[in-house]
Amino acid sequence: MDATMIHYSIVIPQRDRGDEVRRQLPPLIGMLNRLRLPYEVLCVDDASATPTQQLLEKILTEQPAMRLLVLDAPAGASTALAVGVAAARGDIVIALEAGQRYAVEQIPHLVARLSRLDLVYARRRLGGWQKFWHRVGRIPRAMLLGLDVRHPECLFWAARREAVAGIHLSPGMRRYLPWLVARRGFRVGDMYIDEAPVGQPVHDGRRNPLDLLTAWWLCRRWRSDAFHEVHASRDIVAMPTASAPASPLHAEPSYRAKSA
C-alpha cells in the first residue's frame, strides 16, 4: 500500500498478549473496511516471549494491513506507544489497547470528535465513591498541569498525527500525553467510552508520584520555535540607483515559487 495514501494508523502496544491481538484483529479490520479509507495496523511488541513473537509473525502473514515492530528489550507501554506513533504513516493515529477492553465500534465516534479537536481521549463512566475518589486524585494534576483530562491512563485515543508526532515517552509518561500535546498548542478533549472489565494490565512500570513532576517540568521546558513574517502595510519595490547601476556579475538572484 502506498504510504502517502494511508489515512488511519492503528497503534497497538502489547507484551505477551498475542492471543488477544489475534482475536482483536478480525473485528478491527472489519470496522476499518467499513470506513472505506486506507489504513494500517501497527502492532508494537514490547519484547514478548518467543511464543508470542512467533504467533505475531504468523498473524503478520495473514493480515496484509498489519505491521509488526519489535522492541529489542522490554521498555513499557509508553515507549512502545511512542515507537508506534513515530512509525505511523496515517493522517489519523489511533491508540488501542490489546484485547477486548474497548469495542472497536467506538473508534468512529472518537474520530468524529477530531473535527473540533486534535487529540481525543477515552473517558470512563464512574459512579458513587469511585467517582468521588477519582475527582480527589486528579486535583494534583489539575493544579500543576492545568488541563483536566479525566482518564489519561486509558489506552484508547485518536489524534491528528501532527499533534503527537515527535513526542518521546519514557516509562509511565503515556499518562501525561494530553498535557504534553496541549503544551504544544493543540486542542485536547475527552469523551465517554464504554469499557469492559477484561484483559491483562498494561505493562508500563509502577506508578510513581515523581512522574507528575516530570510531566510538569517537561511542559514548562518545551518551547516552540515557530515564527511568522511581518509584512509592510504598503508595497515597496527596491530599485537600483542611477549612480550605481547593477553589475551583471553581482545581480540579485531571482526566485520562482515551486508548483505544488
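Quick check on Leu114: is it of a type in the set (A, V, I, L, M) and under 12 Å from Ile12 (Cβ atoms)?
Working: of a type in the set (A, V, I, L, M): yes; under 12 Å from Ile12 (Cβ atoms): no.
No: the conditions fail for Leu114.
So is Glu105 surrounded by 18 or more Cβ atoms within 10 Å (Cβ to Cβ), touching a residue at least 12 places away in the same chain (Cβ under 8 Å), charged (D, E, K, R) and farther than 18 Å from Ile6 by Cβ or not?
Numbers: surrounded by 18 or more Cβ atoms within 10 Å (Cβ to Cβ): no; touching a residue at least 12 places away in the same chain (Cβ under 8 Å): yes; charged (D, E, K, R): yes; farther than 18 Å from Ile6 by Cβ: yes.
Spelling it out, it is not the case that Glu105 is surrounded by 18 or more Cβ atoms within 10 Å (Cβ to Cβ), touching a residue at least 12 places away in the same chain (Cβ under 8 Å), charged (D, E, K, R) and farther than 18 Å from Ile6 by Cβ.
Restricting to region 1-20, and then to whatever is among the β-branched types (Val, Ile, Thr) and over 11 Å from Met66 (Cα atoms), can you tell me which residue is nearest to the chain's Cα centre (by Cα)?
Within region 1-20, the match that is nearest to the chain's Cα centre (by Cα) is Ile6.
Results for (1) touching a helix residue (DSSP H, G or I) at 6+ places or on another chain (Cβ under 8 Å); (2) at pLDDT 55 or above, shown as yes or no for each residue.
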residue: Val149; (1), (2): yes, yes
residue: His168; (1), (2): yes, yes
residue: Glu195; (1), (2): no, yes
residue: Asp204; (1), (2): yes, yes
residue: Trp216; (1), (2): yes, no
residue: Arg220; (1), (2): no, no
residue: Val230; (1), (2): no, no
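Out of everything in region 26-80 that is surrounded by 15 or more Cβ atoms within 10 Å (Cβ to Cβ), closer than 23 Å to Glu105 by Cα and of a type in the set (D, E, K, R), what residue ends up being farthest from the chain's Cα centre (by Cα)?
Going through the qualifying residues, I end up with Arg67.
Among the numbered criteria (1) touching a residue at least 40 places away in the same chain (Cβ under 8 Å); (2) part of a loop (DSSP other than H, G, I, E, B), which single criterion is violated by Leu37?
The one condition Leu37 does not meet is (1).
The values are calculated or read from the model by the stated rules, or taken from the named source; none is laboratory data. Quick caveat: nothing in here was measured; it's all calculated off a predicted structure. So basically every Cβ, Gly included, is an ideal-geometry build from the backbone, and we count neighbours across all protein chains shown.
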